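Below is one structure, written out as structure tokens, with a few remarks after it.
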Amino acid sequence: MNGVGFGVIGAGTWGELHARVYADTPGVCLAGVCDLNRERAQQVSRSLRDAPVYTDYRDLLADERIQAVSIVLPDFLHREAAVEAARQGKHILIEKPLATTEEDARAILAAAAEANVTLMVDFHNRWSPLFQSLRQAIEIGELGEAQMITYRLNDTLYVPTKMLSWSARSSVAWFLASHCLDTLLWLQGAREGADAIERLYCVAKKGLLARQYGVDTPDYYLTTLEWRSGLTIFLENAWILPDSSPSIFDLKCQYIGTKGAFLIDGSHHGAAQRLTQTLSYPDALVAPTIHGRPSGFAAESIRHFARCVIEGRKPIVDGLDGLAVTRLILKMEESARTKMPVAVGSLYHD
Ligand SMILES: NC(=O)c1ccc[n+]([C@@H]2O[C@H](COP(=O)([O-])OP(=O)(O)OC[C@H]3O[C@@H](n4cnc5c(N)ncnc54)[C@H](O)[C@@H]3O)[C@@H](O)[C@H]2O)c1
């Protein structure tokens, strides 16, 4: 085997990207692909130099040549595989959200700490050129103090009704707001300050998805986050955009500070436009394929993890960042359930 062995657990839509990145990263050997669905694992492996295929992740984890794994299972299934991977001494890249309960998140962090393995959560917006530009503008102070941020990240109906077989056991909050919340916490340096967010209020509504598509999960979450600094953020996450939308997701972010503003259009920016029977915007940023190689910022975050493992470095995003986001989404759910604002308090400490 040439290079450090990496495995992928969960070879669905996103697991395939992890496998392609490992197969394409110098110094890395894709040494195992696992999926309950053997055909799917074989399909992914076949195009990537026939890495060994498993249907039980414990068998993959037993391979001593594998030093690191990506866990790309449905949102609510991360804990068991992550804890087992840590017990087997494997470094772990886990898809967002880290976990959908506080107990699961803490169990994963504890297992990784006990085994002294690297744990990274794949919050890849931190590699997005758009959010990097915003972060740099904030850092040099040209926007002044943040006053108001509106951030929307929505998906078309295709995602919860066709792409994800397990959407009813998750929600658009876990699937999309997790990305947004990590981005906001990172942009505002929340981890460095104590108790940055004072309270939040969240409205979530079930309707179209449950009634018309039999998918029992909220259509949307609308969340207001009040920061101690005076900043207010309004966050919109919906799973009910019509399938006629020109791209599968819609991302807009408006940051207004005391000295300037910064506007992001991450989906309908028109950098590439495809005009066939309809108008659509091909992906040019997230995970485009360039000369056969997985590229874009989603590939970049996975490569970052690989390089960290090979070079023995700490990744930019770790388990504590994942725990903070899980805690915030649980607060959103509590507020939506009680129809009351909820105090947020400490996200990074007990
Ligand atoms: N970073 C991103 O932008 C991004 C994008 C999509 C998905 N994700 C995340 O990645 C994860 C997977 O999402 P997806 O879209 O690839 O879902 P998916 O349904 O396409 O893939 C999940 C795969 O896991 C397999 N699986 C389920 N239980 C298993 C088990 N016990 N052992 C082995 N395999 C098992 C399924 O057969 C399926 O192939 C989720 O946490 C999701 O939120 C992240």
Residue within region 267-275 that is of a type in the set (Ser, Thr, Tyr) and either outside the structural domain of ALA194 (by TED's automatic domain parsing) or within 24 Å of the chain's Cα centre (by Cα) (or both) present = yes
Those residues of region 90-123 which are touching a strand residue (DSSP E or B) at 6+ places or on another chain (Cβ under 8 Å) and free of Cβ contacts under 8 Å to residues at least 60 places away in the same chain amount to ILE92, VAL117
Return the only residue of SER301, SER335, SER346 being out of contact with any helix residue (DSSP H, G or I) (no Cβ under 7 Å at 6 or more places or on another chain), hydroxyl-bearing (Ser, Thr, Tyr) and in a helix (DSSP H, G or I).
-> SER335
If you go through PHE76, PHE131, the only one that is modelled with pLDDT of 95 or more, buried (at least 18 other Cβ atoms within 10 Å of the Cβ) and aromatic (Phe, Trp, Tyr) is PHE131
Which one is nearest to the ligand (Cβ to nearest atom) among residues in region 146-183 that are touching a strand residue (DSSP E or B) at 6+ places or on another chain (Cβ under 6 Å) and in a helix (DSSP H, G or I)?
-> LEU176
Flagged pairs (Cβ under 7 angstrom, 6 or more apart or on separate chains; first in region 316-343, outside the structural domain of ARG79 (by TED's automatic domain parsing) and touching a residue at least 60 places away in the same chain (Cβ under 8 Å); second aromatic (Phe, Trp, Tyr) and part of a helix (DSSP H, G or I)) are ILE329/TRP174
Can you find a residue in region 299-307 that is within 17 Å of MET120 (Cα to Cα), touching a residue at least 40 places away in the same chain (Cβ under 8 Å) and among the β-branched types (Val, Ile, Thr)?
-> yes
Qualifying helices (runs of 4 or more DSSP H) (wholly inside region 1-89; at least 2 residues being touching a helix residue (DSSP H, G or I) at 6+ places or on another chain (Cβ under 7 Å)) | 13-24, 57-61, 78-87
Within region 296-330, residues more than 15 Å from the ligand (Cβ to nearest atom) and more than 30 Å from VAL342 (Cα to Cα) come out as ALA306, ARG307, CYS308, VAL309, ILE310, GLU311, GLY312, ARG313, LYS314
Would you be able to tell me the number of residues in region 53-74 that are within 25 Å of SER165 (Cβ to Cβ) and either touching a Gly at 6+ places or on another chain (Cβ under 8 Å) or within 9 Å of the ligand (Cβ to nearest atom) (or both)?
-> 13
Residue by residue through region 255-284, note down the ones that are outside any strand (DSSP E or B) and acidic (Asp, Glu).
-> ASP283
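The values are calculated or read from the model by the stated rules, or taken from the named source; none is laboratory data. Computed from a predicted model, the values in this text were never measured in an experiment. All Cβ positions, even for glycine, are placed from backbone atoms using ideal geometry, and neighbour counts span all protein chains on display.
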